[in-house]
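The values are calculated or read from the model by the stated rules, or taken from the named source; none is laboratory data. Just so you know, these numbers come straight off a predicted model, no measurement behind them. FYI the Cβ positions are ideal-geometry reconstructions off the backbone, even for glycines, and counts take in every protein chain you see. For accessibility, only protein heavy atoms count, side chains too; no ligands or nucleic acids. Shrake-Rupley method; radii C 1.70, N 1.55, O 1.52, S 1.80 Å.
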Amino acid sequence: MKCWLLSVVLLAIGLITAPQVNTQASRPNIVVILTDDLDVNSTSILLAKGKMPYLRDYVVNRGTSYEFTQAFATRASCCPSRATLLTGQYPHNHGVLTSTYSATPPFGGVTQFKDQHTLAVWLKAAGYQTGLVGKYMNGYGSDIAPEYIPPGWDYWQALPDPTTYRMYNFNLNDNGIIVVPTGYQTDVLAQRATNFIKASNSPFFLLVTPSAPHQALNPMYNECSTTGTPWEWGEPTPGSGYFGYTTYPAQRHLNTIFGDRTNFPLPQDQPSFNEEDVLDKPTWYQKTSMSLEDIDCLEKNYWRRLESVLAVDDLIGKIVGALVTKGVSGNTVIIFSSDNGFILGEHRMLYKNPAWDESAKVPLYISLPGAGGHKILPQLVALNDIAPTISNMGAAEVTGITMDGRPLQPLFSNPTTINWRRRILISHWNSPDSPSASIPTFRAVRTVNPPYLYVQYPTSMEPINKEFYDLAIDPYALDNLPPDPTAAVLQGWIDLLSVCSGQSCQDAENNP
């Protein structure tokens, strides 16, 4: 009783302070590193082989870290995924439906994005310093002016088109002034990111978006010579030369993986690689199988892709080094992910956009301050959840829109919770001037417990306009099942999710 009275007296005179929650001083700094086209399998292999030591030591094994094994992009394409990350919305709500460089509605790109309602705007209003370093969205610099700086950003180092995918001699919007930096793109971005950290006061939010391991364009880097037309503005087909085009690694990493079939074999042992029988698939998918020449080029492409990610790992090391030097690493959240996955020969393809796991699943690691160790979480999460999670961390008020995603904090508190999302919507819009133009518009639902993938092609007039896989018994999505009562239920969820918004999305995702 006496101790309680003493505490009350000391609190009243200010010698004891009450716990502060989400005050400006206690809120964390937040760093998000978003790669481009990095698939889960490549990330896992590089970590297992010791090729990403900074990601391993400074994110995966740092503080209290969470590895999400069922994380998905709800639109497996660059521009829509980036809009989703900044808004927490499904594409049908934020309006950025494709990555095409056309401003023609309804496809859009950066021109369709409502940039006055984003994570940067909300965090800045909450007292955060905000910075973006790297790729913004497709069409930035071509469909809108390269000097443009969207609302909410204090520090702007963005890659404008058409040089976004150049590894050297690329343009950069340096806080409103277009410059041509000297050096390898990922290294330049690493330096610009550390400059922001060194100059910023806490709390700050930094979004770093290297273009690796996306294929290098303009000029394209071709690892091997094949016949036909490069994929740049046409649909890739076997024998077209597409399989040889890849990102150019930093000089220091060139040939550190290339040719090493022992440690880095192309995943040809997967049953879906160069899938043998596709007669049960939609017509767009029934292409000639990959030739030996295609596979040879794909293997070289694969090695160069992996080598290009090594500079991204160096970028992580430099960012964390800057956090340590500034003395703020103990109060900084680090999130590592990708805008979508990537298909590397599975289902006879080398690309993204389809709803299969190789394309839609993304690596997602979140490292929080503290000493809680590494936890692997199997719950179904999406890039829709990043903005709600960060908004909560920063005590930022979300204005102008309603987010469809949900904060991940309940999983941080209870990683074993089973009261979580049961399904998500994965979508794709066909745009006639996109490299993926041969893939029809689709809506898909991906579930867990049990895991199903059901894909509907509503505009297709082909005899086979649906895909239905029971991933518990067919994890590689090889056998397209005939419709049954389960498929009808999944179609019902697609109908609900395709028009949902905010709470109605969460209800449709949660309901048994």
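Quick look at the values:
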quantity: Number of the exception - ALA199 against (1) closer than 30 Å to SER26 by Cβ; (2) of a type in the set (Gly, Ala, Ser); (3) buried (at least 23 other Cβ atoms within 10 Å of the Cβ); calculated: (3)
quantity: Residue check for SER142: among the small types (Gly, Ala, Ser), crowded, with 24+ Cβ neighbours inside 10 Å and assigned to a loop (DSSP other than H, G, I, E, B); calculated: no
quantity: The lone exception for MET461 - which of (1) within 25 Å of the chain's Cα centre (by Cα); (2) more than 18 Å from GLN379 (Cα to Cα); (3) part of a loop (DSSP other than H, G, I, E, B); (4) not hydroxyl-bearing (Ser, Thr, Tyr) it fails; calculated: (1)
quantity: Which listed residue, of PRO440, PRO451, is open to solvent by less than 50 Å² (accessible area, probe 1.4 Å), in contact with a helix residue (DSSP H, G or I) (Cβ under 8 Å, 6 or more places away or on another chain) and not aliphatic (A, V, I, L, M); calculated: PRO440
quantity: Residue pairs meeting the criteria (Cβ under 6 Å; at least 6 apart or on separate chains; first touching a residue at least 12 places away in the same chain (Cβ under 8 Å), in region 148-159; second aromatic (Phe, Trp, Tyr) and not in a strand (DSSP E or B)); calculated: TYR155/PHE196; ALA158/TYR136
quantity: Given (1) buried (at least 22 other Cβ atoms within 10 Å of the Cβ); (2) modelled with pLDDT of 95 or more; (3) farther than 16 Å from LEU119 by Cβ, index of the condition LEU350 fails; calculated: (2)
quantity: In region 145-190, residue nearest to the chain's Cα centre (by Cα) [restricted to those that are among the aliphatic types (A, V, I, L, M) and assigned to a loop (DSSP other than H, G, I, E, B)]; calculated: MET167
quantity: Pairs where the first residue, in region 64-78, is under 20 Å from ALA371 (Cβ atoms) and the second is open to solvent by less than 10 Å² (accessible area, probe 1.4 Å) and part of a strand (DSSP E or B), C-beta under 7 Å, 6+ apart; calculated: SER65/ILE366; SER65/SER367; TYR66/ILE366; TYR66/LEU377; GLU67/LEU377
quantity: Some residue of region 473-487 being out of contact with any Gly (no Cβ under 6 Å at 6 or more places or on another chain), part of a helix (DSSP H, G or I) and open to solvent by 20 Å² or more (accessible area, probe 1.4 Å); calculated: yes
quantity: Test: ALA193 is under 23 Å from the mean Cα position of the chain (by Cα), at pLDDT 95 or above and part of a helix (DSSP H, G or I); calculated: yes
quantity: Candidates THR111, THR163, THR87, filtered to the one that is buried (at least 22 other Cβ atoms within 10 Å of the Cβ) and among the β-branched types (Val, Ile, Thr); calculated: THR87
quantity: Every residue from region 488-512 that is assigned to a loop (DSSP other than H, G, I, E, B), surrounded by fewer than 16 Cβ atoms within 10 Å (Cβ to Cβ), at negative phi and under 27 Å from the mean Cα position of the chain (by Cα); calculated: VAL499, SER501, ASN511
quantity: Flag for TYR66 being of a type in the set (Phe, Trp, Tyr) and in a strand (DSSP E or B); calculated: yes
quantity: Where PRO106 falls short, out of the listed (1) at pLDDT 95 or above; (2) not in a strand (DSSP E or B); (3) not aromatic (Phe, Trp, Tyr); calculated: (1)
quantity: Where a residue in region 178-195 is touching a residue at least 40 places away in the same chain (Cβ under 8 Å) and open to solvent by 20 Å² or more (accessible area, probe 1.4 Å) and its partner, wherever it lies, is aliphatic (A, V, I, L, M) and outside any helix (DSSP H, G or I), with Cβ under 7 Å and at least six apart; calculated: ASP187/ALA250; ARG192/VAL133
quantity: Hits in region 388-402 (condition: open to solvent by 10 Å² or more (accessible area, probe 1.4 Å) and either under 16 Å from VAL32 (Cβ atoms) or assigned to a helix (DSSP H, G or I) (or both)); calculated: ASN392, MET393, ALA396
quantity: Failed item, numbered, when LEU47 is tested on (1) open to solvent by less than 40 Å² (accessible area, probe 1.4 Å); (2) touching a strand residue (DSSP E or B) at 6+ places or on another chain (Cβ under 8 Å); calculated: (2)
quantity: Qualifying positions in region 294-311 - in contact with a Cys (Cβ under 8 Å, 6 or more places away or on another chain) and open to solvent by 10 Å² or more (accessible area, probe 1.4 Å); calculated: ASP296, LYS300
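The rows are residues; the columns are (1) at pLDDT below 95; (2) open to solvent by 10 Å² or more (accessible area, probe 1.4 Å); (3) among the hydrophobic types (A, V, I, L, M, F, W, C).
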site	(1), (2), (3)
LYS2	yes, yes, no
ILE13	yes, yes, yes
GLN24	yes, yes, no
ASP37	no, no, no
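Yes/no matrix, rows are residues, columns are (1) part of a strand (DSSP E or B); (2) without any contact (Cβ under 8 Å) to a residue 60 or more places away in the chain; (3) touching a strand residue (DSSP E or B) at 6+ places or on another chain (Cβ under 8 Å):
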residue: GLY341; (1), (2), (3): no, no, yes
residue: ARG348; (1), (2), (3): no, no, no
residue: PRO354; (1), (2), (3): no, no, yes
residue: SER359; (1), (2), (3): no, no, yes
residue: SER367; (1), (2), (3): yes, no, yes
residue: ALA371; (1), (2), (3): no, no, yes
residue: PRO378; (1), (2), (3): yes, no, yes
residue: VAL381; (1), (2), (3): yes, no, yes
residue: ILE386; (1), (2), (3): no, no, yes
